[in-house]
1. How high is the relative contact order of region 231-331, in percent, with contacts defined as C-alpha pairs under 8 Å that are six or more residues apart?
2. Report, to the nearest 10°, how far helix 259-270 tilts away from the longest principal axis of the Cα atoms in the chain, using its own Cα long axis and a range of 0 to 90°.
3. Kindly put 330, 260 in sequence by how many other C-beta atoms sit within 10 Å of each C-beta, fewest to most.
4. Given a Förster distance of 35 Å, report the FRET efficiency between residue 159 and residue 294 from their Cβ-Cβ distance, rounded to the nearest 0.05.
5. Pairs of alpha-carbon atoms within less than 8 angstrom and 6+ residues apart define the contacts here; what relative contact order does the chain have, in percent?
6. How far is helix 226-235 tilted off the main Cα axis of the chain, in degrees rounded to 10, range 0 to 90?
7. Once the Cα atoms of helix 309-322 and of the chain are each reduced to a long axis, what angle between those two axes, in degrees from 0 to 90 to the nearest 10, is obtained?
8. Roughly what percent of Cα-Cα pairs across region 155-215 reach past 16 Å?
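No lab work stands behind these numbers, since they all come straight from the coordinates. All of these numbers come straight from a predicted model, not from anything done at the bench. For neighbour counting, all protein chains shown are included, and Cβ atoms are generated from backbone atoms with ideal geometry for every residue, glycine included.
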Ligand code: UDP
């Protein structure tokens, strides 16, 4: 299938592009490189340096390339920044996404795969988290993703848009060959920060809160490998033939790991000691978030390949070892 990957030069999008090729699809990449990396995408692939909110240009690309399905990974994703700069988040994550969806309708492209987040649920009242839990985001980032989920439902109802929305837990890891991986600026995610502390690129890793009501007092999260996430998205393509189809899936391994367990995994994989500082809780961090992905398993035949935190960290370490400074494609 001819697929437009919006945000295809970003962390998850670039991994999905490679999985699309492995599955025999034909990806076309759209990315304005605000956060994405040109080097994360093979140079021979069709690449448009265009803003997803540019309705006219996107429509022309959809038509010229005869796109059959659009995948959207191009959201801003810093929770803290979304609290201090909400307009930036609503502008890109909601308004520009609406323009993208309008361009799709203009061009009669009716299949859409959306990267949503477990942050749409806020603080869950039940664990593990199933799709039917109430959604009550606690920050603008999660709210913008929930807004798009609701827009998709309305467009599906009114115009027959078929879509699958995936609520990811903690996307982590890198391609197994170490060629592409996580390169955020600034980096806020736990695994790359712990690796930086292991190799001495930062003085230490701060554990945000050691007095949570969890087995070792630190937060529990569900780390899921980017390639596993990508494969779930691709498995959903078959579900989108019916006009107006609506699918929501929570994607995680279902096995939570604490911050301390992640640090231990990095120490084991790298063979290096990680200097740790116990710090205050980070505002807005729920104590535990982990998925019940039975629905994705049953309906998509999805199986997690990277089923332990060590396996995920091994791939992040392979990427770090190959490119300690990341892509180095910023001026
Ligand atoms: N965390 C931490 N120190 C850091 C960064 C993160 O203790 O320097 C913790 C954070 O409080 C959370 C977990 O690691 O419990 C995962 O955080 P991350 O920012 O990677 O993802 P989030 O769960 O916030 O989406």
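1. Numbers: 61 pairs, mean separation 39.7, N = 101.
For region 231-331, the relative contact order is 39 percent.
2. 90 degrees
3. Numbers: 330 9, 260 17.
Placing the least packed residue first, the sequence is 330, 260.
4. Values: r = 31 Å, r/R0 = 0.88.
Efficiency, rounded to the nearest 0.05: 0.70.
5. So the answer I get is 19 percent.
6. 30 degrees
7. The angle comes out near 80 degrees.
8. Details: 1233 of 1830 pairs.
Roughly 67 percent, once rounded to a whole number.
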